[in-house]
Amino acid sequence: MMNEQKVEDQGASRNDDSSTAMIPAVELINITKSFPGVLANDNISLSVWSGEVHCLLGENGAGKSTLMQVLSGMYQPDSGMIRVNGREVRINSPGEALELGMGMVYQHPTLVPVFSVIENLLLGSQKGITLDRQGALNRFEEYASLLGVEIDPESLVGSLALGQQQQVEIIKALWKGSSVLILDEPTSMLTPQGIEELKEVVAQLKKSGLAIIFISHKLQETLDMGDRISVLRRGKLAGSIEPAVFSSTANSEIQSMIIEMMFGEETDIAESVIKVERQTTGRSRESDLPEQPVLELKNVTVKGKLDEVGVKGASFSLRAGEVLGVAGVDGNGQRELAEAIAGQRRITAGDILLNGVVVSDVSIANRQHMGLRYITDDRLGEGICASLSVSKNMLLKRIGQRPFWNWGRTNEATIRKTAEGLVKEYDVRPPDVDIRCGGLSGGNIQKVLLARELLFDPKIAVYSKPTHGLDFKTTVIVREKIKSLAREKGVAGLLISTDLDEIFDLSDRIAVMYQGQIAGIVENQEGIEKKVGELMVGGT
Amino acid sequence: MTETAESNMGLSDNSTKNIFNPTDGAFLKVWNSMLESIAPLLLALIAGGLLLLVLGRNPVTFYGNIIKSGLLNKHGLQDTIIRMAPLLLMAAGLIVAFQASIWNIGGDGQFLLAAALTAGFGPMFMPVLPMWACFVTLFLIGMVAGALSTIVPAILKAKYEINEIISSLMMSFIGINFANLLIKGPFRSTKTLVPQTDVVPFTKLLPSIPLTRIHIGIFIALIFILVVYYVMKNTSLGLKLALLGQNPRAALHAGLNNQRLIIGAFMVSGAFMGLAGTVEILGVWGYMRADWNPNFGLPLFALVFLARLNALATIPLVGFYAVLSIGGHSAARVADLPDDFILIIVGLVLLFMALTEYIQEYRAGKSGKLLNFFRSLKGIKTNE
Ligand SMILES: Nc1ncnc2c1ncn2[C@@H]1O[C@H](COP(=O)(O)OP(=O)(O)O)[C@@H](O)[C@H]1O
Ligand SMILES: [Mg+2]
């Protein structure tokens, strides 16, 4: 039985040079996979070797997850071949992939939060009827020491930090004695400290002889961790960096090679996304800002629904032209905060002031009239109405208002003209205001939302994860927009984001949310990353 | 809103935007949506025909009789047009509600309550008020009664998010029984043995088109159909209802007052149902018997969906149904079948509609309104 096997045994056999060194642990050969209307993987070939970290890099939608889901048996390729240890295989289900030694950690958590760590591990692995709990505990200890982590196997998964939960996910992926570990964007939910820990775990596993596929859309990460890098671009393999090249070339040169692969001719865009440039540098912001805050929260408390933490006594103020970043691990009350400010949620205590006026009981529409804008992160759920046209969506928050409606009568011509202007200004593609808004890509939907919210004299904008899931190009456009609005038009920005690079790039000050509270507010200056990371996990 | 109604059904726009089917063009679009409305009708007629064959009747004769006595015969044609008046008003009521994804199932109760009040108060007012004042008052009473009988499900839905399908159905039972209670109690005529109201004399019913029995109710209905069509297509209110219906969270996010919209649309829908009841009593009957219930509401569901919530498109469909039910009445008698046989065909229309929509949905990978409705009956949420 698989469960009986000792971790060390596998390690030993993997390191047996004569059998493995020549043959890759996994080969993907000419894999093609399409979805209706999208060619997600176009004739991709990759090899993954034992004892190596193979980084798969590419921007959102490049096809990375799809390729790995082909490897883990979730999808069947349209054509192409997979070899494991030189032997051609067909992987019909995730179960079969696991049997073949493929352990996958998905982009989204798969553990059951109300079960303990050990129960979660037993859940997926038990073959017989009886639970071999003691055996499992022993096995857990072996893996924990292999990874170099300390987790109480009896604690509930839901009570663990996200970084620890991910370590459990890794142990779960290895549980059946996997020889290949696939990590799909494992750093996207982690704090800087969590990322450091993950890097160490990966290094440990590499030393033990595992073949590791590490997926990321962040260049720096792959440079830090990879022995070999492959770049996907629009479903195609844009190029690879071999270990020999990697070790013999300067980092900066590799960086420009990769940027070339990722963006082709559009390399100028890349620079601005990759470099974190502090907004505060070179500007004495303090003196520019007016005294009177445009947005002020005094001890705002929101009761969360069901599994939400809510907001607990949040206080801060925001002045015109300033960007206040709100950092924090997802689910620490950020959405509740944003919705409370926008008026979509009642606050149970405290006060919200716009331009010095208490608006706690003012309706959503009236707060909009006062210059408040909320760019929601739930773009499809509440941002747009998918079945309505782009032009109607552009004016969704002005239904009934002049000059688009006169005495309730729709002024189709004015709506069209305005929408067409916005589509042009924000470069929405395709530039057709009559198509269903739901048919646009994520990036273009975000452009529609920004265009709509920032039309007509905004004063305060709450940006909720404004670049989440967007392609690089749109990311740059959105970030530039946030910056220029604050600097040139004096629009105060509340930037809620889980992307710390974004927070550091755009904010003047950074508030950190933890468990519904503002754990601290710091000036955005050199070397503040560590402090922010600590605040994010409840440190001081 | 024709255009939103269509796209929400997941039909015409998809087949044209699909990359595997690059054909485009207005003609194809119109053709597609017509086909989608007509195909279920034809299939239902064919299936009904097969059923007739099994029952040993000649379907050609049966359908021939329907057309003969519902359309080609002078009396039948008049009856058909007269029947269209309440049906169109109720269709308008359904469209207002469905546009906002409010499932007002209680149309029959709202209709009957208004009918009972009209039949009860009509004979009392006629001797004391001038005729026009009498009509206006009774119309108002009918509309208010219809509107008020939606208020419980409306508030439950708006404030507490309680599913209106169950609550409006319950209210419908209450409405039906309350109407009977009125007729057997306070409104009961002392002049007859069977429980019924007093009778408004024929001379005091709604005026008719000269030389026919067709009362002016049909014009009232057509005017309201046009109004509903215009409001849905060309006003901010129509867009607000569509937004509420298609993505209530987006409506909230956009700053609409969802609660007020839900209650408003529900009540307007009920008012149309009530108006239909008043028109039917004042136009055709002049009185109401206890336990009278023409059950207009349910078959209309099928028609309104076939029309894709387009008010104008309900006119031919309601016409078709009126022919079917007026002509079917005598055709069924000739063929020695129960009157309800026509309801089987209506049921088949619904079934085939759901089927065509399912096929469309399968092809387009998107959910249509009707299917969502059926799923919500089972408590399965698909949108969101
Ligand atoms: N189940 C699916 N159905 C349809 N399209 C999909 C599906 N999964 C992914 N895609 C599409 O395939 C492309 C690649 O997606 P994905 O592999 O998730 O990219 P990545 O992981 O690199 O961000 C995207 O355009 C995405 O929209
Ligand atoms: Mg992915």
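Values in this text are rule-based calculations from the coordinates and carry no lab data. Remember, predicted model here, so these are calculated numbers, not experimental data. So basically every Cβ, Gly included, is an ideal-geometry build from the backbone, and we count neighbours across all protein chains shown.
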Show me the helices of chain B, taken as full DSSP H stretches, that run 30 Å or more along their long axis by Cα and average -1.0 or above in Kyte-Doolittle hydropathy. B:26-54, B:74-99, B:258-280, B:311-334, B:341-364
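How large is the translational diffusion coefficient of the stretch A:116-246 in µm² per second when you combine the Kirkwood radius over alpha carbon pairs with Stokes-Einstein at 25 °C and 0.890 mPa s? Write down the numbers at each step before the final one.
Working: Rh = 16.1 Å.
In µm²/s, the coefficient is 152.
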Under unit Cβ charges (Lys, Arg +1; Asp, Glu -1), what dipole magnitude, rounded to 20 debye, does the stretch B:36-376 have relative to its Cα centre? 360 debye
Per q in 0.13, 0.23 1/Å, what log10 I(q)/I(0) does a Debye calculation on the alpha-carbon atoms of the stretch A:384-456 return? -0.31, -0.97
With Cα springs under 10 Å, the Gaussian network model of chain B assigns the largest mean-square fluctuation among B:Phe272, B:Phe121, B:Phe111 to B:Phe121
Within 10 Å, at most 14 other Cβ atoms, and a DSSP state outside H, G, I, E, B define an exposed site. Report the longest part of chain B free of exposed trypsin sites (Lys or Arg not before Pro). B:1-190
Taking amide H positions as placed 1.01 Å from N in the peptide plane, with prolines and chain starts having none, which residues 5 or more places from A:Gly239, or on another chain, fall under 5 Å of its amide H? A:Val231
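Within the P(r) computed for chain A, what percentage of the Cα pairs occupies the region above 29 Å?
Values: 84374 of 145530 pairs.
Counting pairs separated by more than 29 Å, the tail of P(r) holds 58 percent.
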Amide proton proximity set for A:Val302, modelled H, under 5 Å, gap of 5+: A:Val311, A:Lys312, A:Gly313, A:Thr348
Would you mind checking which residues have amide H under 5 Å from B:Val200's amide H? H placed 1.01 Å from N; only 5 or more apart, or other chain. B:Tyr287
Chain B: most fluctuating residue of B:Pro338, B:Pro248, B:Pro40 per GNM, C-alpha cutoff 10 Å: B:Pro338
Rg(Cα) / (2.2 N^0.38 Å) computed for the stretch B:36-376, rounded to two decimals: 1.01
Once you have all Cα-Cα distances for the stretch A:102-178, histogram them in 5 Å bins from zero and send the whole-percent values. 3, 16, 31, 28, 17, 4, 1
What percentages make up the Cα-Cα pair-distance distribution of the protein assembly as shown when the bins are 10 Å wide from 0? 2, 10, 16, 19, 17, 14, 10, 7, 3, 1, 0, 0
Euclidean distance of C-alpha centroids, the stretch A:132-152 and the stretch A:298-315, integer Å: 37 Å
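Taking the alpha carbon gyration tensor of the stretch A:145-221, what are the square roots of 5 times its eigenvalues, largest first, to the nearest whole Å?
Working: eigenvalues 68, 56, 24 Å².
For the stretch A:145-221, the ellipsoid semi-axes come out as 18, 17, 11 Å.
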Using Cα springs under 10 Å in a Gaussian network model of chain B, which residue among B:Leu117, B:Leu94, B:Leu51 shows the largest mean-square fluctuation? B:Leu51
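Indicate, rounded to the nearest 5 percent, the antiparallel portion of the DSSP beta bridges found entirely in the protein assembly as shown.
On the way: 46 of 81 bridges.
Close to 55 percent.
Count charges around B:Asn295 for me, please; just the other residues with Cβ under 15 Å from its Cβ, Lys/Arg as +1, Asp/Glu as -1. Numbers along the way, then the final one.
Numbers: positive: B:Arg83, B:Arg289; negative: B:Asp108, B:Glu280, B:Asp291, B:Asp339, B:Asp340.
After counting each charged neighbour, the total is -3.
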For the stretch A:305-312, Karplus-derived ³J(HN,Hα) couplings (6.51, -1.76, 1.60; θ = phi - 60°; whole Hz; x for glycine and proline) come out as 8, 5, 9, 8, 7, x, 10, 10
Could you please rank B:His215, B:His253, placing first whichever residue has the fewest other Cβ atoms within 10 Å of its Cβ? B:His215, B:His253
In Hz, Karplus ³J(HN,Hα) per residue of the stretch A:77-94 (6.51, -1.76, 1.60; θ = phi - 60°; x = Gly, Pro): x, 5, 8, x, 9, 10, 10, 10, 6, x, 9, 6, 10, 10, 10, 8, 7, x
Final fewest-first order of A:Asp508, A:Asp184, A:Asp42 on the 10 Å Cβ neighbour count is A:Asp42, A:Asp184, A:Asp508
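Order by neighbour count: B:Leu140, B:Leu52, A:Leu455, fewest other Cβ atoms within 10 Å first, most last. Provide the component values of the computation, followed by the final result.
Working: B:Leu140 14, B:Leu52 20, A:Leu455 17.
Neighbour counts put them in this order, fewest first: B:Leu140, A:Leu455, B:Leu52.
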Note, the stretch A:152-161: 3J(HN,Hα) by Karplus (6.51, -1.76, 1.60, θ = phi - 60°), whole Hz, Gly/Pro = x, goes 6, x, 8, 7, 5, 4, x, 8, 7, 5
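If you put +1 on each Lys and Arg Cβ and -1 on each Asp and Glu Cβ, how big is the dipole of the stretch A:384-456 around its Cα centre, in Debye rounded to 20?
Values: 12 positive and 7 negative charges, 45 e Å.
Here the size comes out at about 220 debye.
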Extreme residue, positive dipole direction of chain A, given options A:Ala144, A:Gly226, A:Leu237 (C-beta unit charges): A:Leu237
Given the DSSP H assignment, sum -39500 (n - 2.57) over each helix run of at least 4 residues in the protein assembly as shown and divide by its residue total; what's the result at 222 nm in deg cm²/dmol, nearest 500? -16000 deg cm²/dmol
Any idea how far the Cα center of the stretch B:93-116 sits from the one of the stretch A:210-264, in Å? 63 Å
